[in-house]
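Chemist: One structure, as C-alpha cells, below. Some questions next.
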Amino acid sequence: MSTAWTVVVVTGIVTLALKAAGPVLLGGRPLPDPVARFVALLGPALLAALVATTTLASGTRLVLDARAVGVAAAALAVWRRAPVLLAVGIAAAVTALARVV
Amino acid sequence: MRRAAHGPARSYGDGARRAVPVAIAVLAFGITFGVLAREAGIGPLAAILMSATTLAGSAQFAAASVLAAGGGASTAVLAAALLNVRYLPIGVSVAPWLEGSLLRRLLTAHLIVDESWAIAADGPGRWNPRVLVGAGTSVLAAWVGGTAIGVASGDLLGDPTRFGLDAAFPALFVALLAPQLRSAGARLAAALGATIALALVPLSAPGVPIVAATAAALVGLRSGRSETPR
C-alpha cells in the first residue's frame, strides 16, 4: 500500500473510532450527572476555541490579519440577528476587502 | 418529546435545511482539499474516499500538508488524529441521545462534525439525533462533492483565501456559538475555552489547543449548580 493510501485508511479508522467510542459504548444511556454537566458546556467551550483559533492562529503563530476584521463584522451581524448565510457572506466580503486595502 | 430550547428543528429535513449555509462553505473547502490532495500525491480515488470516511476538514488538510511537505505516513496520521481527538468528548456528549442498533449508532457517529454537532444542539447538554443525521448528511455530500470537483478541476479555481473564504469557518462557528451562550456558565466556558486555546497555539501542535479547551467545560462542575434548560 502506498504512503497516501496508508494515511487515508488509518486516518479514517482512527477518526471513526474517536467519533464512535461514546455512541457505541454508551449509546442511549444517560451520562452520570457530573459528566452531563461537563458535556453541557462542551459546545460553548469548543466552539469558542474554534472561533478563536480559526480567526487568530496561523500554524503555531498568533496573527491579527484580515480574517479578524471579517469575523468581527460577522459577529456584529450575528448579534444583530442576521441569518447565518448573510453573516458568512459579510465575513468573506469584509476579509477580501481588508486584504485589498 | 422534549421541548427545543431554540427553534422547532427536529426532523432529518430540518437538520439538512439548517446545514445549507454550512454546506456551501464546506463545498468550497472540499474543492480546496481536492486540489491540495493532488499536490500531496493523494490520488483522486483516495482523496474522495478520505473525504467520505474521515469527514473532518482540518484533519484532512493537516494530513495532506504533511505528505505534501514530504513527511511520512505516521506523522500525517498523528497530525490528523490530534486534530480529531476533540471528537471523543463530542461523541460522548451526543451518546445518550443516539438509540437503535450498534450499526445505526456507528453510522450516526460517522456524521458527527463540528458543524452538525452544533446545529443539532437542542439546549444545554441535549442533542437531537435526527437533526444531527440530517445536517451531517448535508455536510458529507458537500464535502465529498467538493473534493471530487477539486480533484477533477486541478488548480483552475485557485486559492480560496483570495475570496476571503478562510473567514467563512470562524464566521460559521460564531453563528453556531451564539445561540449556546444563554447562561452565565456557558459564557464563562466560552471565554475560558477561547483563552486556553489561544494561549496554547504558540506552545503546541495544531489540534492540541482545541482539545485542551474542553477543560473549560469543567466549570460546569463547580458548586454543584446544574446548567438546567430554561
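Chemist: Against the conditions (1) facing chain B (nearest Cβ under 7 Å); (2) farther than 14 Å from B:Ile90 by Cβ, where does A:Leu31 fall short? Just the number, please.
Modeler: (2)
Chemist: Test B:Thr214 against the criterion of being at pLDDT 90 or above, open to solvent by 30 Å² or more (accessible area, probe 1.4 Å) and not assigned by TED's automatic domain parsing to the domain that holds B:Thr53, and give yes or no. Reasoning before the result, please.
Modeler: On the way: at pLDDT 90 or above: yes; open to solvent by 30 Å² or more (accessible area, probe 1.4 Å): no; not assigned by TED's automatic domain parsing to the domain that holds B:Thr53: yes.
Here the answer is no, as B:Thr214 does not meet what is asked.
Chemist: Considering each of A:Val63, A:Val69, A:Val84 in turn, give the residue that is β-branched (Val, Ile, Thr) and touching a residue at least 24 places away in the same chain (Cβ under 8 Å).
Modeler: It is A:Val69.
Chemist: Related question: One residue is enough: does region A:84-98 have a residue meeting the conditions touching a strand residue (DSSP E or B) at 6+ places or on another chain (Cβ under 6 Å) and either closer than 25 Å to B:Leu181 by Cα or buried (at least 18 other Cβ atoms within 10 Å of the Cβ) (or both)?
Modeler: Checked against the condition, which is being touching a strand residue (DSSP E or B) at 6+ places or on another chain (Cβ under 6 Å) and either closer than 25 Å to B:Leu181 by Cα or buried (at least 18 other Cβ atoms within 10 Å of the Cβ) (or both), region A:84-98 yields no hits at all.
Chemist: Now for a different question. Out of region B:31-82, which residues are surrounded by 17 or more Cβ atoms within 10 Å (Cβ to Cβ) and hydroxyl-bearing (Ser, Thr, Tyr)?
Modeler: Within region B:31-82, B:Thr32, B:Ser51, B:Thr53, B:Thr54, B:Ser58, B:Ser65 qualify.
Chemist: Okay, moving on. Any residue in region B:51-71 that is at positive phi sitting within a Cβ distance under 8 Å of a residue that is open to solvent by less than 30 Å² (accessible area, probe 1.4 Å) and not aromatic (Phe, Trp, Tyr)? List the pairs, counting only those 6 or more apart or interchain.
Modeler: B:Leu55/A:Thr15; B:Leu55/B:Leu111; B:Leu55/B:Val113; B:Leu55/B:Val139
Chemist: At the interface with chain A (Cβ under 7 Å from one of its Cβ atoms), among the hydroxyl-bearing types (Ser, Thr, Tyr), open to solvent by 10 Å² or more (accessible area, probe 1.4 Å) and free of Cβ contacts under 8 Å to residues at least 60 places away in the same chain: does that describe B:Thr108?
Modeler: On the way: at the interface with chain A (Cβ under 7 Å from one of its Cβ atoms): yes; among the hydroxyl-bearing types (Ser, Thr, Tyr): yes; open to solvent by 10 Å² or more (accessible area, probe 1.4 Å): yes; free of Cβ contacts under 8 Å to residues at least 60 places away in the same chain: yes.
For B:Thr108, the condition - at the interface with chain A (Cβ under 7 Å from one of its Cβ atoms), among the hydroxyl-bearing types (Ser, Thr, Tyr), open to solvent by 10 Å² or more (accessible area, probe 1.4 Å) and free of Cβ contacts under 8 Å to residues at least 60 places away in the same chain - is met.
Chemist: If I go through region B:174-186 residue by residue, how many of them are open to solvent by 10 Å² or more (accessible area, probe 1.4 Å) and facing another protein chain (nearest Cβ under 7 Å)? Steps first, please.
Modeler: Residues of region B:174-186 that are open to solvent by 10 Å² or more (accessible area, probe 1.4 Å), as a first pass: B:174-184.
Keeping just the survivors that are facing another protein chain (nearest Cβ under 7 Å) gives B:174-178, B:180-181.
Counting residues in region B:174-186 that are open to solvent by 10 Å² or more (accessible area, probe 1.4 Å) and facing another protein chain (nearest Cβ under 7 Å) gives 7.
Chemist: Quick check: is even one residue across region B:91-109 within 22 Å of B:Thr32 (Cβ to Cβ) and among the hydrophobic types (A, V, I, L, M, F, W, C)? Even if it seems obvious, please write down each step before you answer.
Modeler: As a first pass, look at region B:91-109 and keep what is within 22 Å of B:Thr32 (Cβ to Cβ): none.
The answer is no, given that none of the residues of region B:91-109 is within 22 Å of B:Thr32 (Cβ to Cβ) and among the hydrophobic types (A, V, I, L, M, F, W, C).
Chemist: Also, quick follow-up: List the helices (runs of 4 or more DSSP H) that sit entirely inside region B:63-153 and contain at least 1 residues that are of a type in the set (S, T, N, Q), more than 20 Å from A:Val14 (Cβ to Cβ) and over 17 Å from the mean Cα position of the chain (by Cα). If you could, list the steps in order and put the result at the bottom.
Modeler: Details: elements: B:73-84, B:87-94, B:102-110, B:114-119, B:129-153.
Because the criterion is at least 1 residues that are of a type in the set (S, T, N, Q), more than 20 Å from A:Val14 (Cβ to Cβ) and over 17 Å from the mean Cα position of the chain (by Cα), the helices (runs of 4 or more DSSP H) in region B:63-153 that meet it are B:129-153.
Chemist: I would also like to ask the following. Could you tell me whether A:Ala74 is within 21 Å of the chain's Cα centre (by Cα), more than 7 Å from chain B (Cβ to nearest Cβ) and hydrophobic (A, V, I, L, M, F, W, C)?
Modeler: Values: within 21 Å of the chain's Cα centre (by Cα): yes; more than 7 Å from chain B (Cβ to nearest Cβ): no; hydrophobic (A, V, I, L, M, F, W, C): yes.
Answer is no for this residue.
Chemist: Taking the conditions exactly as written (in contact with a Pro (Cβ under 9 Å, 6 or more places away or on another chain) and either under 26 Å from B:Leu67 (Cα atoms) or open to solvent by less than 20 Å² (accessible area, probe 1.4 Å) (or both)), does B:Asp114 satisfy them or not? Give the derivation first.
Modeler: Values: in contact with a Pro (Cβ under 9 Å, 6 or more places away or on another chain): no; either under 26 Å from B:Leu67 (Cα atoms) or open to solvent by less than 20 Å² (accessible area, probe 1.4 Å) (or both): yes.
In short, no.
Each row is one residue, and each column tells you yes or no for (1) among the small types (Gly, Ala, Ser); (2) modelled with pLDDT of 90 or more; (3) part of a loop (DSSP other than H, G, I, E, B).
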| position | (1), (2), (3) |
| --- | --- |
| B:Arg3 | no, no, yes |
| B:Pro8 | no, no, yes |
| B:Ala16 | yes, yes, no |
| B:Arg38 | no, no, no |
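Chemist: When the residues of region A:82-101 are filtered to those that are in a helix (DSSP H, G or I) and among the β-branched types (Val, Ile, Thr), which remaining residue is farthest from the other protein chains (Cβ to nearest Cβ)? Steps first, please.
Modeler: Looking only at region A:82-101, we keep the residues that are in a helix (DSSP H, G or I), and these are A:84-100.
From what's left, among the β-branched types (Val, Ile, Thr): A:84, A:88, A:90, A:94-95, A:100.
Details: A:Val84: 4, A:Val88: 5, A:Ile90: 7, A:Val94: 7, A:Thr95: 3, A:Val100: 10 Å.
This residue is A:Val100.
Chemist: Looking at region A:47-82, which of its residues are open to solvent by 60 Å² or more (accessible area, probe 1.4 Å) and under 18 Å from B:Ser204 (Cβ atoms)?
Modeler: A:Thr60, A:Arg61, A:Leu62
Chemist: Could you tell me whether A:Val101 is open to solvent by less than 30 Å² (accessible area, probe 1.4 Å) and more than 14 Å from B:Ile210 (Cα to Cα)?
Modeler: On the way: open to solvent by less than 30 Å² (accessible area, probe 1.4 Å): no; more than 14 Å from B:Ile210 (Cα to Cα): yes.
When the stated conditions are applied, A:Val101 does not pass them.
The values are calculated or read from the model by the stated rules, or taken from the named source; none is laboratory data. Everything numeric here is computed off the predicted structure, so don't read it as measured data. FYI the Cβ positions are ideal-geometry reconstructions off the backbone, even for glycines, and counts take in every protein chain you see. Calculation scope for accessible area: heavy atoms of the full protein, side chains included, ligands and nucleic acids excluded. Shrake-Rupley method; radii C 1.70, N 1.55, O 1.52, S 1.80 Å.
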